[in-house]
Amino acid sequence: MTNSSVGLISLGGYLPAKKISEKQKNKLVDYLRNYTELNREYIDDIESTGKLPGSIETNYEGWESQPWFEAWVKSMPEKKQANPFQGTKERRRVPLDPVSLKNSIIPHPMLPSDAETIAGALAITNSGLNPDDVDLVLSHAQVPDRPLPANASLIQHKLGLKNAGAYAIDTCCSTFVTMCEIAVALIKTGIKKNVLIVSSFIDSIVNDKSTYWSVDTGDAAMAGIVSSVESGEGYISSFSNSHGDRHDGVVYTDRSPLLLRKLELGPSYSQQFTTFLNYDSLKTIAMNAQKDLKYVVDKALEKASKSVEDIDFLVTHQPVSWAANAWREAIGIPSEKFHETFQTYANVANCSAGVNLLDAIEKKKIKEGDNILITSSGAGENHIAIIMKVPKILIENCN
């Protein structure tokens, strides 16, 4: 038995320091206490403040107030020194992990699996589904708790999803959109019924503040439920492709911070940091950014027998300040049919497209029945576009 109409029925975004409604807070706290393995200090914080755990980091707090700020600016390529923040104003940061605060002389940020648990719980409570109705978790932690195993089964366990399997998916920053496509296919073929998709990017773990690109990234986790929807709603078409010859442009690599003066006998402060590795690959990525994303969009439109004029709204990834609008212009979407959140959340990687979709719905820029285009690039390099007719239930569950 197949389901002809499938789409997103709810979304849940863990954006540190975000204020949530009293109704949403009560449902979230109840779920987290009764179903999950989340540390109780996080839950108590949500209950007492009405906000999701974490803080807002401004340019001043993160860089300008630091004693090394002038050295940081001078270390940049000359053309960037006049505008060191490149359009960024603030980004979100997760709190420190309460267990590590009590048991470690060097505490670490919130575990990515905990961020995914909060996002997943928001998507489930917003959907109105019983947790036992979720039969699959698709997840991608761009910074996982550990390299092996992936977070997928851990998320299923932490959320108390007794009837769900769990798969890890990875197309880097485009993974949230990729998981939507996979979930739709699994439900359309009758293999699954209700699929939870979850992504997280805890940049605080891999951010070297001494790099010029460190200002562009923040923390977030994003989740959604994909399920059957009313006839004529939901998924319409999609298309993806990859350019693996550019795989070495953006990588994680073990190194010391770039701005570092240390004693010969002191620690190296080496760890895995986000690194711009091969500048030839990076140049190729930037030069082809508009063309590559437009290609997958055009193919998705062709499969749907639609033109760009049929698209009511566009949301994309936002890797740097100029990228999202450059993609919009290349695709041919007017600014009033577009939404991005770079100055508020910065680049939140695999969460970006989902965050922009949720924020646009909450701001009532997207309405029931709109044909929306969700598209993203991902390091590696991957590109994907999905066209969807917005289900009524998605709008109801996000407001």
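Each reported figure results from applying straightforward, stated rules to the coordinates on display, with no laboratory input. Every value quoted in this text rests on a predicted model; they were computed, and no experiment measured them. FYI the Cβ positions are ideal-geometry reconstructions off the backbone, even for glycines, and counts take in every protein chain you see.
Calculated from the structure at hand, semi-axes √(5λ) of the Cα gyration tensor in Å is found among [x] 32, 27, 19; [y] 29, 28, 18; [z] 37, 26, 17 as [x]. Any idea which of 221, 83, 207 is furthest toward the positive side of the dipole for the chain, if Lys and Arg beta-carbons carry +1 and Asp and Glu beta-carbons -1? Among 221, 83, 207, the one farthest towards the positive end of the dipole of the chain is 83. Oblate is the label for the range 287-399, because the ratio a/c of its alpha-carbon gyration tensor axes (a ≥ b ≥ c) is 1.5 or higher and a/b is not greater than b/c.
Taking amide H as placed 1.01 Å from N in the peptide plane, the amide H of residue 143 sits under 5 Å from that of 202, each at least 5 places away or on another chain.
In the neighborhood of residue 357, defined by Cβ-to-Cβ distances under 12 Å, what is the net charge if each Lys or Arg adds +1 and each Asp or Glu adds -1? Show your work: numbers first, answer last.
Working: positive: 363, 365; negative: 340, 359, 362, 370.
So the environment of residue 357 carries a net charge of -2.
Given +1 at the Cβ of Lys and Arg, -1 at the Cβ of Asp and Glu and no other charges, the dipole of the range 8-81 around its Cα centre is 320 debye to the nearest 20.
Which whole-number percent gives the relative contact order of the range 66-224, counting Cα pairs below 8 Å spaced six or more residues apart? Present the calculation step by step, with values, prior to reporting the outcome.
Numbers: 253 pairs, mean separation 46.7, N = 159.
The normalised contact order for the range 66-224 reaches 29 percent.
Using DSSP to define loop residues, name the chymotrypsin sites (Phe, Trp or Tyr not before Pro) in the range 281-322 whose beta-carbon has at most 14 other beta-carbon atoms within 10 Å. Hits after loop and neighbour filter: 322.
Largest GNM mean-square fluctuation across 334, 267, 109, computed for the chain with C-alpha springs under 10 Å, falls on 267. Per residue, the chain reaches -9500 deg cm²/dmol at 222 nm when only DSSP H runs of four or more residues are counted, each adding -39500 (n - 2.57). State which entries of 162/209; 19/303; 193/364; 158/192 exceed 31 angstrom in Cα-Cα distance in the structure shown. Going by Cα-Cα distance, 162/209; 19/303 fall outside the 31 Å limit.
Relative to one another, the C-alpha centroids of the range 3-61 and the range 205-228 are positioned 16 Å apart.
Kindly put 370, 219, 310 in sequence by how many other C-beta atoms sit within 10 Å of each C-beta, fewest to most. Spell out each step's value before the answer.
Working: 370 17, 219 32, 310 13.
Going from sparsest to densest Cβ surroundings: 310, 370, 219.
Rounded to the nearest 20 debye, the dipole magnitude of the chain is 160 debye, with +1 charges on Lys and Arg beta carbons, -1 on Asp and Glu beta carbons, and the Cα centre as origin. In the chain, what percentage of the DSSP-assigned beta bridges are antiparallel, given to the nearest 5? Antiparallel: roughly 75 percent of the beta bridges in the chain. Ranking of 110, 287 by neighbouring Cβ atoms within 10 Å, starting from the fewest: 287, 110. Along the axis of the charge dipole computed for the range 259-399 (Cβ charges of +1 for Lys and Arg, -1 for Asp and Glu, origin at the Cα centre), the listed residues 295, 378, 263 are led at the positive end by 263. Summary of the geometry: the range 82-136 and the range 345-399, compared by the centres of their Cα atoms, lie 19 Å apart.
For the range 1-154, with only Lys/Arg (+1) and Asp/Glu (-1) charged at the beta-carbon, what is the dipole magnitude about the Cα centre, in debye rounded to 20? Write down the numbers at each step before the final one.
Numbers: 17 positive and 20 negative charges, 97 e Å.
With only Lys, Arg, Asp and Glu charged at Cβ, the dipole is about 460 debye.
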